[in-house]
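Structure, as structure tokens:
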Amino acid sequence: MSKGEDSVPREMSAGFNRLLTTSGTLSFTSPSQNQDVDTQGRGQVEIDREFPFHVRLHFHTKTAPPQTPVWHERLELMIPLDHPVRFAMGNKVVDLNPGDLLMVDNLQLHRPMDSPAEDTRIIVLSFLPEFVYSLGSPSHDYLLLLPFYSKRTEDTLILQAQAAESDDACLALARLLECYFGAADRPFYRAGCKAYLLELLYHLARHFRQFGPMKQEFERQRERAHKLQGLLEHISQHYPEPYTVEGAARFANLSPSQFMRAFKKVAGMTLIAYVNHVRLSNAARLLRETRLSIAEIAAQTGFADQSYFDKRFKASFGVSPTEYRQGL
């Protein structure tokens, strides 16, 4: 699907116009057509460990049903092309205009909010951190990932379309898409994609350098994420179980106070809020895929009280469970 020229924002940078021109040659699909969510609400995208990088082209429509919140280990960037969109990320709601580039908090549950005012295309880049920096990499490579690991809970990192670095970032993204989807230089496309991704990350790192911690803080944040990964996996598979801060802290081999600080920094919300988000994402899946009653779904996903389940579901998805199922 593509958009008409009359939907293109006026007075955009040369880089963004180049991105629009490149995107006009590509095929965008509804997120519902992309089977990239597993049964635990974790975003699943096939990423080759030899080339841990992936591009998705979404067409977000006014008539699309609410999407299930997801989380994943991959780092992610997204940019809307045609019209504004609202994006839920943890407990925050982010407003994005065309050309705004969002650095997604990947371990927080996130999704586009309800239906946009107008249909819009969205580009999503996903990659594993080791594609850019890992043990054995030159020490300066970590600078390119600093914004992903230095996000404070009150900060949402958006390279706005009007920012000085946006022109160069959009141009790098356009070249990346041309390389990723083009056919001319297939023997070199992986090298080209990495080169343009690094260029894009360079412009982001320069723009967000005021958020950049020292390398020690960067490593501490990666260590926090690593310590909590096992717990996140456990919650994704055993979400109906009761969870307490004390029990989760023991699971992660941390004191309760250490755990609460680390979990908030990594997931962007409290443990209970996170568990509820995972339960609700699975409830949405059961509403889509089964004919279980709403009371049965509430019980199966860990909500003992259906009225509380209805309230939490509507707060997360904007519609009641009944309305959600009727809209499918």
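What follows draws every value from the coordinates through simple rules; no lab data is involved. If you're wondering where the values come from, they're calculated on a predicted model, not measured in any experiment. Using ideal geometry, Cβ is built from the backbone for each residue, glycine included, and neighbour counts are taken over all protein chains shown.
So what J values fall out for region 14-23 if you push phi through Karplus, 6.51 cos²θ - 1.76 cosθ + 1.60 with θ = phi - 60°, rounded to Hz, Gly and Pro as x?
Those phi angles translate into 4, x, 5, 5, 5, 5, 5, 4, 5, 5 Hz.
Give the order of Asp141, Asp119 when sorted by the count of other beta carbons within 10 angstrom, beginning with the fewest.
Neighbour counts put them in this order, fewest first: Asp141, Asp119.
Report the semi-axes of the equivalent ellipsoid for region 214-328 in whole Å, largest first, where each axis is √(5λ) for an eigenvalue λ of the Cα gyration tensor.
31, 14, 11
Would you mind counting up the charge near Ile297? Only other residues with Cβ under 15 Å from its Cβ, with Lys and Arg at +1 and Asp and Glu at -1.
My count for the surroundings of Ile297 gives +3.
Going through the cross-link list Lys92/Lys227; Lys62/Lys264; Lys92/Lys311; Lys264/Lys314; Lys265/Lys314; Lys194/Lys264, which pairs have a Cα-Cα distance over 21 Å in this structure?
Lys92/Lys227; Lys62/Lys264; Lys264/Lys314; Lys265/Lys314; Lys194/Lys264
At a 10 Å Cβ-Cβ cut-off, how would you order Asp105, Asp167, fewest neighbours first?
Fewest-to-most ranking of Asp105, Asp167: Asp167, Asp105.
What size of dipole, in debye to the nearest 20, comes out for region 214-328 about its Cα centre when the only charges are +1 on Lys and Arg C-beta atoms and -1 on Asp and Glu C-beta atoms?
Dipole size: approximately 360 debye.
So for region 214-328, taking the charge dipole from beta-carbon charges (+1 Lys/Arg, -1 Asp/Glu), which of His226, Asn282, Phe309 sits furthest toward the positive end?
Highest projection toward the positive end goes to His226.
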